[in-house]
Each structure stands twice: as C-alpha cells, then as structure tokens.
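Below is one structure, written out as structure tokens; comments come after it.
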Amino acid sequence: MTAPSRVELALARAAVGSACAGALLGSLAAGVYGEPGAGGAVAVGAFALAGGLAWLRSIAVAERATWRTQEAVHTRNTETLARALATVHESHALDAAMARETPNGLLVLDASGRVLRANPALFRLLPVRDTPNGRRPIETIPVPELQDAVDETARTRQSAERAASVDGRDLVLRALPLEDAEGCMGVVLDVTSVRAAEKARRDFVANVSHELRTPVTAILGWAEALAQERDDLPPHVHDMVDAIDRNARRLGLLIEDVLQLSRIEARRADLPVEVEALGSLVDEVVARHASRAEQQGIELRVEVGEELEAEVNAEAFEHALGNLVDNALKYTARGGCVVVGAEARGEGVDVWVKDTGIGIAGVHHPRIFERFYRVDAGRDRAVGGTGLGLALVKHLCRAMRADVLLESEPGKGSTFTIRLPARHTNVTRRP
Ligand SMILES: Nc1ncnc2c1ncn2[C@@H]1O[C@H](COP(=O)(O)OP(=O)(O)O)[C@@H](O)[C@H]1O
Ligand SMILES: [Mg+2]
C-alpha cells in the first residue's frame, strides 16, 4: 500500500473536522430547542455537516489539481534542464573531441598573448619544449614565425599568416582574432604534401618546356634560314615557310613564358628589391617598344614625375611593365595613344599603362590575370599572344609585394596599374 498523499491527508483531516462540527451543531440545536425539537435540530446538524463536507471536498479537489499542475511543471522543468545539460555536455565533448582529433595544431591565447590552451596536434607539429600554458608562445615554442603571426593579429585584430619549415615539414602558421573575446587563436597547418604536389607539377611543366626548347630552337633556326632563301624557293611553298616561321616563333614565346612562370612560382621568398629611379626604368621599357608603336601609328608617351623612386626588382619590374605595354600596343588601333605614367601615392608609388584601345568588359576583370584567359580566344590568338602575359605580370608584382589593378571599359580603353608598396628603410640604394 502506498503512503497517503498530502492532499488525501488534508481531506481526511477536513472530513474529521466537519464531522465534529456537524455533531456539535446537532447537539447545540438540541440544547436550544429542547427535547421535542431534537429531531429537527439533528436534521439541521446533518445538513450543515453535509454542506461542510462538500465545501471541504471541493477545496481538497482544487488543491489536488493545483498541486498536480505544479508537479507536472516541476517535472517538465527538471527534464528540460537535464536535456539542456546533456546537450551542453555533449557539445562540450564534441568540441573537445574535435580539438583533440584534428590534424591541425590549435592554440588559444588570452588578451595578454599568453597561452590558455593547446591541442595535442600542436605538440606533434611543433617542437614544444615545456608546458605552454600561461606563457607567450615563443617562450616554449622556438618558432618565431608563430609569435610574429599572433603579435600581428593582437596588434591589428586581423588574421595573419606566416610560412615556416620545421623539422622538414612545410607549415602554415595562421593567427585569427577571437570574435567574442580579446584573445586570439593560432592554427598550425601541415602543408608538406600539398607543397610537394605543387612542386611536382611545376617541375613537370618546367622539364617539358625545357625539353621542348631545343627542338623548337632548331625549327626556328631552319625556318629563318628558309625565309632568307624565300626568293629561291618555288612560290607554292612560300606560305608553308611563313606558317612554319610564325608558329615556331609562337611556340618559342609560349615556352619562354611557361618557363618564366614556373621559375617565379618556384620562388619561396619575395624577390630582392632595391630603390630605383623609376624614370630610367620606364624609359628603357618604352624605348624597346618605340619602333613598334611608330609602325602601328600609335603615340607612345611617358609621364613620370622627376626624381620618382620606388623599391623594385629592376628585372621583374621591366618584365611586367613590358608585358603591359606590349598588350596596350596589341589591343589599340592605329591613331590611338598609350601613356606610361608614374606618381607617388601615399607612401607607395603607382605606375600605370593607359591605352585608348578596345577595352575589357567588367565580366572579364576578375579572371583576366589567370593563365591562358582571353577575352576573345580566336581574335587574341590571332594578335599573337600566349595568354600568359598578364599571369606573369601578376606573379612578378606579387614577388615584389606589389599589386596590379585594372580599370577598363569596352571602347574606352584600359588602364593597368602596378601599385608598388611603401619603401622599407633597410633597403640598399643603388650607387
Ligand atoms: N590593354 C588591353 N586592352 C584590351 N584587352 C587586353 C589588354 N591587355 C590584355 N587584354 C586582354 O587580356 C587577355 C590576356 O592578356 P595576356 O595575358 O597578356 O595574354 P595575350 O598573350 O593574349 O596578350 C588578352 O588576350 C586580351 O583579351
Ligand atoms: Mg599579353
């Protein structure tokens, strides 16, 4: 048998109380009305007793209902809380599992740049000397690039990235600001296999191009020799000789561009730069294209401020600018104009090549610096390019920490701008 509930006890107590009250009322009535009226008095007492009981019962029922509701709410709250706790626990366990199992090293730093937490992968990827918690990364992890990245993020509240080679592994060290806290997070990625695959591709392309160079040089030489003997050859082979000459030249240019591109891509560091007088570099490039511009009836002009200097790698700069001038002349009609200009912009310098040529529609702008991307493949190939010119410009600029920008509209001409960065103070000046 189960123990009586609180409500049942209350009911029992109320029933006993009402019975006593009824009996009391009955005897009271008997005392007041005397013997003859005793029957009526008892009836009044019984009536009062029944009324009291009914009243008490309704209170008990109401109380029981309220109590049941409260109990249900309480049970529901408890269950919800338990479920929420389980979810929190589960999500915490999942977070912990993710941090534990990820192959990437993770590090959380507080606002003062001290390590709060590090996952196991961090210990596998980096030579961690001691418990890193509570100290700056560099105190226990002798990889200055990691400290550099987190310092930069702490300073700028922007993500920062460094590359490092540690124990034969190629690592990317990335720092990210934490969104709802003042600290930051360090992520260490092992990109050894990705880099190896990239290198294999580059080596393959470079080897193929290199192997092609020798036979193409021979074909070019013989085509030139044939062209010189043109007048002694039967007329029906003239077109063939011209086609061989033209295509061998194209192939030669393509091979050179591919080799150049793979050489620049293979560089792991930025190109060495020196402070150079931009005027003379621009003049040199323009002089190389002057006779072609004249032949094509295009005005080629230089507008470079006196004494303007910038930090560049002279060879890469001339190569990139040369490609831009070459394009400007290729895609501008007779009577047009090409201007090569330069101007200080903030701490850096902008160098631009502006033409009045056919222009490039906006849809092509995002892809124009990709290899072999052309606005109109048929037409552009006929003009004689390789489709690698702008890809080379982009890579050459990047290797000098410069940017290349495009402004262009069809029919209104194009302006390509090389945005050179501000000068460093520790760069040597050419005598
Ligand atoms: N100054 C320019 N005016 C118009 N179109 C241009 C200009 N420069 C480049 N382009 C477009 O961009 C494409 C890619 O240029 P580039 O990489 O130098 O290859 P290409 O060898 O064809 O010159 C060109 O094929 C052409 O469609
Ligand atoms: Mg080109």
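Observations on the model:
- Within the range 375-392, tally of residues that are of a type in the set (A, V, I, L, M, F, W, C) and away from ligand 2 (no atom under 12 Å from the Cβ): 2
Rundown of residues vs (1) surrounded by 11 or more Cβ atoms within 10 Å (Cβ to Cβ); (2) of a type in the set (Val, Ile, Thr); (3) touching a residue at least 60 places away in the same chain (Cβ under 8 Å), yes/no style:
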| residue | (1), (2), (3) |
| --- | --- |
| SER91 | no, no, no |
| VAL108 | yes, yes, yes |
| ALA118 | yes, no, no |
| ARG135 | yes, no, no |
| GLY168 | no, no, no |
| LEU176 | yes, no, no |
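- Selection of first residues in the range 222-233 that are in the same structural domain as GLY252 (by TED's automatic domain parsing) and of second residues that are surrounded by 14 or more Cβ atoms within 10 Å (Cβ to Cβ) and assigned to a helix (DSSP H, G or I), restricted to Cβ pairs under 6 Å at least 6 apart or on distinct chains, gives the following pairs, ordered by first then second residue: ALA223/ILE244; ALA223/ASP245; ALA223/ALA248; LEU226/VAL241; ALA227/VAL241; ALA227/ASP245.
- Single residue of the range 351-408 satisfying the filter (within 10 Å of ligand 1 (Cβ to nearest atom) and at positive phi) that is surrounded by the fewest Cβ atoms within 10 Å (Cβ to Cβ): PHE372
- Some residue of the range 300-316 being more than 34 Å from the chain's Cα centre (by Cα) and within 16 Å of ligand 1 (Cβ to nearest atom): yes
- Test: residue in the range 210-218 that is hydrophobic (A, V, I, L, M, F, W, C), loosely packed, with under 12 Cβ neighbours inside 10 Å and either outside any helix (DSSP H, G or I) or over 42 Å from the mean Cα position of the chain (by Cα) (or both): yes
- Search result, residues across the range 373-402 that are under 25 Å from the mean Cα position of the chain (by Cα) and of a type in the set (A, V, I, L, M, F, W, C): LEU390, ALA391, LEU392, VAL393, LEU396, CYS397, ALA399, MET400, ALA402
- Check on VAL194, farther than 30 Å from GLY134 by Cα, at pLDDT 90 or above and aliphatic (A, V, I, L, M): yes
The values are calculated or read from the model by the stated rules, or taken from the named source; none is laboratory data. Nothing here was measured: the structure is a model prediction, and the numbers come from that model. Virtual Cβ from ideal backbone geometry, glycine too; neighbours counted across all protein chains shown.
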